[in-house]
Every structure is written in structure tokens, then in C-alpha cells.
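What follows is a single structure, written as C-alpha cells, with notes after it.
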Amino acid sequence: EWLGWCIGLYLIASLVVAVLISIFFSTSIVRPLRQLRIDARAVLDRRGRLHGAHFKGSRRLDEIGELSRALERIMRRLDAHVGYIETFAGDVVHELKNPLASIRNANEMIADVGDPADRRRFVRVIEQEVARMERLLSGVREITVIDARLATEPPEEVDLGILLTKIVEGFRLREGERVRFLLDTGEGPLTVDATEDRLTQVFENLLDNALTFSPPGATIVVSVCAEN
């Protein structure tokens, strides 16, 4: 009889230990893994595209917590990279519109002018814009390394007066008589250490914004000067 009681107690203790172990694994391993599976399914929509959901991370100090935090970091970086690519594609379309518009207008006007000097000026505008489009398209082909190139792009001396003169001339051709441009490049050369293509993008975006808020017949004043 005593042996029977011992066996019974042993079975009860074993059952209690098994239940406790099951609860431990359920709360410490199975539930976190189930949450990771739920988060992984929520990251993609039905078409397999990222739609803004992220892994929630974990404060656990074990391997599952490390895995959860690593997945969270990876998804945030992936989401940021996808957003960058989408923005870059939109920027490329925007950057190509400006030279195309200048080329179209110069090509239309070159047939109507008889002055050889004016014809040469329009030809130079077309050549400059074609060259810039080629540089832009070369950058698109190398999209996988463009981040690193922007960070390491060697600067050169750029004369802002000369650069802005070319940019404003292109806008004058593009807009015709709709908007008037006044350019003041100051006295003497104003040089900066920069990348000409990047500065061109910045100034053209500024002028595009000015055109957006300028009614027909308005005047846009572009001036450059040195301070300190």
C-alpha cells in the first residue's frame, strides 16, 4: 500500500511538472514564435507587396528576442529602401521633364529664326540638355550604387553665375512669353565647391516651384550674391 501511494504521488508530481513545462514552453517559446509568424504574414499584402506593417520587436533577452529585434531592424531598413526607390523613380521622371521641354521648345523655335547666332544658341541649348539627359540616364542604370556615389561624389569648382545663366535660359525657352525671368548674377565670378548636376537639380526644382505659384505675365527674379 505504501508503494502504491509513492507511485501515485510520483505520477501526480510528474503530471504537475509536465503541465508546468508545457506552460513554460507555451509562454516563453511557442507564443513568441506564433507572434513572429503573425507579424511575418502581416508584412506583405495579398499581392506580395510591403504595405507598412513591421515586426513589433521584443524586450526578451534570449535568442527569440534577438531574432525579433533583428527582423524589426531588417524590415525597417527594407521599408526605407523601398521608399527611397519609389522617390528616386519619381525624381528621375521629374528631372527628365525639364531637359525634354527645353529641347522641344528650342527645336520648335530654331526653324523660325534666321539669325545664325540665334540658331547656334538654340543648338547649344539642345546639346547641353541632351548631355544632361545622358548623365541622368547613366545614373538610373547604376541605381544600386547611387547612394554611395552621392556620398563620395567629388566636388568641383562651379561658377554659379554661369550655371544659373544656362538654367534660366532653358526656362525662358520653355515658358516663352507666359512668365518673364530676370537674372542678376552679381559682380564677378561666384564659385562654390559642389557637383554641377546636383546644383542644377536644386535650382531647377526651385524655379519649378516658383512657376507653380506664378500667374501668366508674372516676373520671376533670380539673383545670386555672396554673403560673408
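The values are calculated or read from the model by the stated rules, or taken from the named source; none is laboratory data. As the structure is a computational prediction, the values presented were derived from the model and not from experiment. In this analysis, Cβ positions are derived from the backbone assuming ideal geometry, glycine residues included, and neighbour counts consider all displayed protein chains. Please note that ligands, DNA and RNA were not included when accessible areas were found on the heavy atoms of the full protein model with its side chains. Shrake-Rupley method; radii C 1.70, N 1.55, O 1.52, S 1.80 Å.
In the neighborhood of residue 193, defined by Cβ-to-Cβ distances under 13 Å, what is the net charge if each Lys or Arg adds +1 and each Asp or Glu adds -1?
Working: positive: 198; negative: 153, 156, 157, 159, 196.
Charge balance near residue 193 sits at -4.
Between residue 111 and residue 199, what's the calculated FRET efficiency when r is the beta-carbon distance and R0 is 25 Å? Round to 0.05. Walk me through the intermediate numbers first.
Working: r = 32 Å, r/R0 = 1.28.
Result of the calculation: an efficiency of 0.20.
Using a 1.4 Å probe on the protein heavy atoms, what percent of the accessible area of segment 151-228 belongs to carbon and sulfur? Write down the numbers at each step before the final one.
Details: 2520 of 4810 Å².
Ligands and nucleic acids excluded, carbon and sulfur give 52 percent.
In what order, largest first, do 81, 94 sit by accessible area if the probe radius is 1.4 Å?
Numbers: 81 90, 94 65 Å².
My answer, sorted largest first, is 81, 94.
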